[in-house]
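Reading through the structure tokens given below for one structure.
The values are calculated or read from the model by the stated rules, or taken from the named source; none is laboratory data. Predicted model, so just to flag it, every value in this text is computed and none were measured. Here the Cβ positions follow ideal geometry from the backbone for every residue, glycine too, while neighbour counts run over all protein chains shown. Only protein heavy atoms, including side chains, enter the accessible area calculation; ligands, DNA and RNA are left aside. Shrake-Rupley method; radii C 1.70, N 1.55, O 1.52, S 1.80 Å.
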Amino acid sequence: MGSRDLDEAVAEMVRVLTPHARADWRRQAGELDWSCWETAAHVAHDLLAYAGQLAVLPDSAYLPFDLVVSDNASPHDLLRVAAGAGRLLSVVLAASDPSVRAWHWGPTDPSGFAALGVNETLVHTRDITEGLGIDWQPPEALCRAVLARLFPGAPAGDPVQALLWSTGRTDLPGRPRPTSWVP
């Protein structure tokens, strides 16, 4: 996975959520304990954190910085922050040699960070759309790519359902729902 996959995921997030920027984003995001607003801020945070990791290449921990989004930021502004953080990660992904490694619960290559960014963007966009009452599913091709990179043991079948199950967001017949995951 790479920068183009991340660009596609972030563009999809912005596309699907922008028409609903006037909705009440204080609502709970799916089954999360966060609001839709907090969930979108979390996506931006993670994308920026991944960019920082790949830019500096620490080998044992996350860099000690954080993204703080102003409490009065509108959902429209928040989507712009997420798009900006996604763009920063995309640029770093495109500039990274495939052989480099940076820390994310162990050594992770640029493809891994791309997959992590796509996963965060897709599953949390799904959480937000559930909270806002929007009928939306993540794109199958991106789900399939994330599964191949992060969840190679995921069940066969519909890649959207397999990704949502792998990240604890839906049930699959005959399988207990995961309660945690580490890629």
Identify, please: which residue in the range 20-29 is surrounded by fewer than 19 Cβ atoms within 10 Å (Cβ to Cβ) and small (Gly, Ala, Ser) and is, among those, farthest from Arg80 (Cα to Cα)?
Ala23
Residue ID - farthest from Ala44 (Cα to Cα), chosen from residues in the range 116-166 that are open to solvent by 10 Å² or more (accessible area, probe 1.4 Å) and charged (D, E, K, R)
Asp158
List the number of the failed condition for Ser35; all other conditions in (1) out of contact with any Asp or Glu (no Cβ under 8 Å at 6 or more places or on another chain); (2) over 11 Å from Ile128 (Cβ atoms) hold.
(2)
Suppose we filter the range 112-156 for residues that are touching a strand residue (DSSP E or B) at 6+ places or on another chain (Cβ under 8 Å) and at pLDDT below 95; how many remain?
1
Pairs only if they're at least six apart or on different chains, beta carbon under 7 angstrom, first in the range 79-103 and closer than 19 Å to Pro64 by Cα, second in a loop (DSSP other than H, G, I, E, B) and open to solvent by 80 Å² or more (accessible area, probe 1.4 Å); list them, first residue then second.
Trp103/Asp59; Trp103/Ser60
Out of all the residues in the range 79-109, which are open to solvent by 10 Å² or more (accessible area, probe 1.4 Å) and touching a Gly at 6+ places or on another chain (Cβ under 8 Å)?
Leu93, Ala94, His104
If we keep just the residues of the range 38-72 that are part of a loop (DSSP other than H, G, I, E, B) and among the aliphatic types (A, V, I, L, M), which is nearest to Leu88 (Cα to Cα)?
Leu67
Just checking, which of Leu6, Leu32, Leu67 is surrounded by 22 or more Cβ atoms within 10 Å (Cβ to Cβ) and within 20 Å of Val118 (Cα to Cα)?
Leu6
Among the candidates Ala44, Ala49, Ala61, which residue alone is among the aliphatic types (A, V, I, L, M), free of Cβ contacts under 8 Å to residues at least 40 places away in the same chain and either open to solvent by less than 90 Å² (accessible area, probe 1.4 Å) or in contact with a helix residue (DSSP H, G or I) (Cβ under 7 Å, 6 or more places away or on another chain) (or both)?
Ala49
